[in-house]
Amino acid sequence: MDKKTREAIRYLGYGKNAVDEKTLSLISKTFQSLESVAVKKSIYRIFNIVHEDENNFSIGKVHIHSRNLGKNLRGCNKIVLFGATLGAGVDLLMNRYNITDMAQAVIMQSCAAALLEEYCDECQDAIAAKLSLEQLYLRPRFSPGYGDFDISYQKPLMMILDCAKTIGLTMTDGYMMTPTKSVTAVIGISPSKEPCHKSGCEECTKKDCLYRRDSL
């Protein structure tokens, strides 16, 4: 079973319970449907970061206050601002099933989330490969809405990246992204390589990790 399928199962809430073959078949077919309509796009830019103290820092003219993100970025003097989307076609497909088949719609939501996570991992791996040539290393992605990194920071990050023009990603007044299966994130750049659980903080058992996202 590949990581993408495992992630979809996790989003569906199975936990450690076994998944029946019918559900696995539905997940596989759902991924095929999503891939057929997805138009994956991403954008990133690298900036210097100015640390004012442990919880406050600036990226250009954007001031950010966050204890959780500050902990994640400790030791970093540069960051990657990152945005990615699966495109409007995925939203249209999910909306269709929201009307016609709610059971399938639930699987569709979970698979779309897993597909987006896989795409973001691929993008981050590509960025990491480029930076490694300069002996620089990436920290885990950290998105607005994680811990005390307020969701309102979504707006300035998207403006800096000009997401509307570069990848067709916009945002409502309530900080909801359109297309919905999209993400923005901050990724610290460090001169030292720090170990980090590949599957993310949600599955890592190292509770005292300096780079861990605190639970919501």
Gain on full stretching of the segment that runs from T166 to M1 - 0.36 nm per residue minus C-alpha separation: 56.0 nm
Nearest 10 degrees, 0 to 90: helix 102-132 Cα axis against the chain principal axis: 30
Helix 21-37 sits at what angle to the longest principal axis of the chain, using alpha carbons and giving 0 to 90 degrees rounded to 10? 60
Centroid-to-centroid separation of region 19-79 and region 137-193 [C-alpha atoms, Å]: 6
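Helix-derived [θ] at 222 nm for the chain: sum -39500 (n - 2.57) over DSSP H runs of at least 4, divide by residue count, nearest 500?
Helix-only estimate at 222 nm: -13000 deg cm²/dmol.
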Of K3/K40; K22/K181; K16/K130; K3/K29, those spanning more than 27 Å from alpha-carbon to alpha-carbon: K16/K130
Estimated distance in nm for a label pair at S192 and V19, the labels positioned 7 Å out from Cα along Cα-to-Cβ: 3.8
For M171, the residues 5 or more places away or on another chain with a placed amide H closer than 5 Å to its own amide H are T178
Using a 10 Å Cβ count of at most 16 others and DSSP loop calls, identify the longest part of the chain lacking such GluC sites (Glu not before Pro). 55-133
By how many nm would the segment from S152 to D173 lengthen if fully extended, with 0.36 nm per residue of separation less the alpha-carbon distance? 6.6 nm
Got a sec? Which residues in region 174-190 would a label at A128 touch, if it sits 7 Å along Cα→Cβ and we count backbone N under 17 Å? 185-190
Work the Kirkwood hydrodynamic radius out for the chain: mean of 1/r over every pair of different alpha-carbon atoms, inverted, in Å. 18.3
Angle in degrees between helix 88-100 and the longest Cα principal axis of the chain, rounded to the nearest 10: 40
Normalised contact order of the chain, rounded percent, pairs of Cα under 8 Å and 6 or more residues apart: 27
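Where a number appears in this text, it was derived from the coordinates with a stated rule and is not lab data. Treat the numbers as computed from the prediction; the structure is a model and nothing was measured. Glycine gets a Cβ as well: all are built from the backbone with ideal geometry, and neighbour counts include every protein chain shown.
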